[in-house]
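Here is the structure we will look at, set down as structure tokens.
The values are calculated or read from the model by the stated rules, or taken from the named source; none is laboratory data. As the structure is a prediction and not an experimental result, all values here were calculated from the model. Neighbour counts are summed over all protein chains in view; Cβ atoms, including those assigned to glycine, are modelled from backbone coordinates with ideal geometry.
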Amino acid sequence: MDPFADNLVISGLNPSATPSLIMGQPDGMTVDFNVGDSMVVEFTDNMLIPSSTTAPDLLIYFPMMSPEQAAMVEISSDNENWIPLGMIPVDFAVSPYPAFSSSSYRALIDIDFANLDPEINYKFVRISDMSILPTSVTQVSPAYSVMPGVMIDAVEANPMHPVNTEEIPEFPTVALPVAAIIGIAFFFQHRKE
Ligand SMILES: [Ca+2]
Ligand SMILES: [Ca+2]
Ligand SMILES: [Ca+2]
């Protein structure tokens, strides 16, 4: 089981972008949104469920944003009824994720505040660019005017995984201990019942 997004459901992206770059683990390769674009990713071999604690449940990886850049994050269990969570980066805790470059970050999103049903798998995540279009293209650099929307590297759902922002081990080496921790968590949950 990998905790990252597995399936691209829809895409309103410019054909020049490569939507699949949002899937899988963060790798420094991003989907570059145009202003107003949105896309939906789906978790198929893992679930996005509320943890019933303030621990982050949904992690979104992205490079540094300009003040004009933002994106709305919504979740859904059926790809029809959407629950808005807020805007990245301003509405959530953001921590550096310097695995690829010093300007990489991730938003740590606790979905429990939205009064969700802990039995439901909110496996669809919609990211919609809400960046502000420059009023005059002549006032910005050519590169910025070409791709003014957000850039998203990866989306992760990992409700059982305690997020440690101090140490960021390689994913292959962390996979086995995490599996053990999840197993212990399930064990204690069952004992409490
Ligand atoms: Ca997955
Ligand atoms: Ca939570
Ligand atoms: Ca990527």
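A few remarks follow.
- Yes/no for Ile111 being more than 15 Å from Val150 (Cβ to Cβ) and within 16 Å of ligand 1 (Cβ to nearest atom): no
- Leading residue by the ranking (nearest to Ser38 (Cα to Cα)) among those in region 94-128 that are among the aromatic types (Phe, Trp, Tyr) and part of a strand (DSSP E or B): Phe124
- Candidate set: region 23-58, residues that are away from ligand 3 (no atom under 16 Å from the Cβ) and polar (S, T, N, Q); chosen: the one nearest to Leu108 (Cα to Cα): Thr54
- Restricting attention to region 35-93 and to residues that are part of a loop (DSSP other than H, G, I, E, B), in contact with a helix residue (DSSP H, G or I) (Cβ under 7 Å, 6 or more places away or on another chain) and not polar (S, T, N, Q), the residue that is surrounded by the fewest Cβ atoms within 10 Å (Cβ to Cβ) turns out to be Pro50.
- Single residue of region 1-22 satisfying the filter (of a type in the set (A, V, I, L, M, F, W, C) and farther than 23 Å from Pro148 by Cβ) that is modelled with the lowest pLDDT: Met1
- Filtering region 121-150 to residues that are in contact with a strand residue (DSSP E or B) (Cβ under 6 Å, 6 or more places away or on another chain) and modelled with pLDDT of 60 or more leaves Tyr122, Lys123, Phe124, Val125, Arg126, Ile127, Ser128, Asp129, Met130, Gly149, Val150.
- Some residue of region 11-22 being within 9 Å of ligand 3 (Cβ to nearest atom), farther than 17 Å from Ile83 by Cα and surrounded by fewer than 20 Cβ atoms within 10 Å (Cβ to Cβ): yes
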